[in-house]
1. Could you list, in sequence order, the residues of segment 5-31 that are farther than 21 Å from residue 111 by Cβ and surrounded by fewer than 17 Cβ atoms within 10 Å (Cβ to Cβ)?
2. Taking residue 141 as meeting all but one of (1) more than 16 Å from the ligand (Cβ to nearest atom); (2) within 11 Å of the chain's Cα centre (by Cα), write down the number of the exception.
3. Considering only segment 25-50, state which residues are farther than 21 Å from residue 78 by Cβ and part of a helix (DSSP H, G or I).
4. Given the criterion free of Cβ contacts under 8 Å to residues at least 60 places away in the same chain and part of a loop (DSSP other than H, G, I, E, B), identify the matching residue among 81, 53.
5. Just give me the residues in segment 82-102 being more than 16 Å from the ligand (Cβ to nearest atom) and out of contact with any strand residue (DSSP E or B) (no Cβ under 9 Å at 6 or more places or on another chain), in sequence order.
6. Regarding residue 44, is this residue over 19 Å from residue 105 (Cα atoms), away from the ligand (no atom under 15 Å from the Cβ) and modelled with pLDDT of 95 or more?
7. Test of understanding: among 50, 79, 64, which residue is farther than 22 Å from residue 146 by Cα, in contact with a strand residue (DSSP E or B) (Cβ under 9 Å, 6 or more places away or on another chain), more than 13 Å from the ligand (Cβ to nearest atom) and at pLDDT 95 or above?
8. Could you run through segment 96-114 and say how many residues are within 16 Å of the chain's Cα centre (by Cα) and more than 19 Å from residue 176 (Cβ to Cβ)?
Ligand code: GRF
């Protein structure tokens, strides 16, 4: 049987993208890397994807309406038979058109335990709030920012003396572990979404 084809969307460094590509290469994630798409021409992650022989596309958002930009992306994804889209540091809100075209088939990774600290600078928000535990979340993308049903989370302890940098790097280690696991879970038979909940086996 053909493996499900995933797309990864980035705007920058692409370390989560690399974690997904590594998992595919090492056989820990049973999928095919269809395409890496960036809205930023010189995103560092693009070089890494090309080195691994994965097709890359740059689709710039500059001087374009959000929906028009997203329509082009959706067309490219559909043309390649992509069944799951993984946002990995993709710094754009998706239009309703994009979300509806891939309903429950777009994932995002966020560096906090959602619903705490959505939006940018989640690690700084957590430090400033004084929480003792934060972490990372893989969730399904819906039409609101950092909001959709949660697929997987990993807790990270905030240590005394932590800086934004030290906390960010410990969270990132966990991101790299859970993103491939979460993608596997979503691709596995029996996975589904009901309201805000995700499940792996529906009870009979
Ligand atoms: C990660 O912290 C991710 O959670 C957030 O953006 C960052 C992207 O880092 N959405 P990278 O580009 O994957 O290295």
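The values are calculated or read from the model by the stated rules, or taken from the named source; none is laboratory data. Keep in mind that what you see is a predicted model, and the values were worked out from it rather than measured. All Cβ positions, glycine included, derive from the backbone under ideal geometry; neighbour counts span all protein chains shown.
1. Those that are farther than 21 Å from residue 111 by Cβ and surrounded by fewer than 17 Cβ atoms within 10 Å (Cβ to Cβ): 5, 25, 26, 27, 28, 30.
2. All conditions are met except number (1).
3. Within segment 25-50, 25, 44, 45, 46, 47, 48, 50 meet the criteria.
4. Testing whether each residue is free of Cβ contacts under 8 Å to residues at least 60 places away in the same chain and part of a loop (DSSP other than H, G, I, E, B) leaves just 53.
5. 95, 96, 97, 100, 101
6. Taking the combined requirement at face value, the residue does not satisfy it.
7. Of the residues listed, the single one that is farther than 22 Å from residue 146 by Cα, in contact with a strand residue (DSSP E or B) (Cβ under 9 Å, 6 or more places away or on another chain), more than 13 Å from the ligand (Cβ to nearest atom) and at pLDDT 95 or above is 50.
8. Residues meeting the conditions: 7.
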